[in-house]
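Here's the structure we're looking at; comments come further down.
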Amino acid sequence: KRAREYAENIVSTIPYPVLVLDEKIRVINANEAFLALFKTTRQDVISWPIAELPNIVWQTPDFEEMLSKSLATGRAIEEAIVRGISRRGWAIVLQMKTRRLSTKGDKGPFLLVAFEDITRRKRNEEERATLFQALEESRAVLEDRVHERTEQLSKSYGQLRTLGEQLV
């Protein structure tokens, strides 16, 4: 019991959203950062399978399978990107890490799942890519116009030169 309380206290102090899942990928603990991120309560998430949480629709097709494999194999997930939409309609992009936890005397194993909200970073990266593409397209258009104008000026210069030679 002390080990479980110790683990729960550690999870509660982590500043990133964290869940602890059981062997059926159900939520057995959620820290305050997770609850705040999804604007929910502990009662709304505890005992729910992660794929069926009432406050978010996961949009990563193999999300639950990734978690199940991580738990079954003990192989950690490092920096997987998962996407979801809250029931209130806002999109979220999360970077996820997992670690399998085994303790003596408890049912288990458990899966510790930590999230980092990278929605703003991803949005900024997408906007930057869109702006860069627009910049490249504008550059190509300007280069074409400069080339056309250079040809026109060269042609006009040639005509003026011919006219000047005729006048002399």
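A search for C-beta distances below 8 Å between a residue of segment 110-130 that is in contact (Cβ under 8 Å) with a residue 24 or more places away in the chain and closer than 13 Å to Val20 by Cβ and any residue that is small (Gly, Ala, Ser) and surrounded by fewer than 15 Cβ atoms within 10 Å (Cβ to Cβ), counting only pairs 6+ apart in sequence or on different chains, returns Phe110/Ser102.
Note on segment 20-31: residues that are open to solvent by less than 30 Å² (accessible area, probe 1.4 Å), part of a loop (DSSP other than H, G, I, E, B) and within 13 Å of Leu111 (Cβ to Cβ) amount to 2.
Let me spell it out: the conditions are (1) closer than 19 Å to Asp117 by Cβ; (2) surrounded by fewer than 16 Cβ atoms within 10 Å (Cβ to Cβ); (3) in contact with a strand residue (DSSP E or B) (Cβ under 8 Å, 6 or more places away or on another chain), and Trp58 meets all of them except one. Which number is the exception? Just one mismatch for Trp58, condition (2).
Tallying residues that are surrounded by fewer than 15 Cβ atoms within 10 Å (Cβ to Cβ), outside any loop (DSSP other than H, G, I, E, B) and among the charged types (D, E, K, R) within segment 32-53 yields 2. Of the numbered conditions (1) exposed (fewer than 10 other Cβ atoms within 10 Å of the Cβ); (2) in a helix (DSSP H, G or I), Lys107 satisfies every one except a single condition; which is it? Unmet for Lys107, out of (1) exposed (fewer than 10 other Cβ atoms within 10 Å of the Cβ); (2) in a helix (DSSP H, G or I): (2).
If you go through segment 1-54 and keep only what is of a type in the set (D, E, K, R) and closer than 21 Å to Arg83 by Cβ, you end up with Lys39, Asp44, Glu52.
The values are calculated or read from the model by the stated rules, or taken from the named source; none is laboratory data. All values reported here derive from a predicted model rather than from experimental measurement. Please note: Cβ atoms are built from the backbone with ideal geometry, for glycine as well, and neighbour counts cover all protein chains shown. In case anyone asks, the SASA skips ligands and DNA or RNA and just uses the protein heavy atoms, side chains included. Shrake-Rupley method; radii C 1.70, N 1.55, O 1.52, S 1.80 Å.
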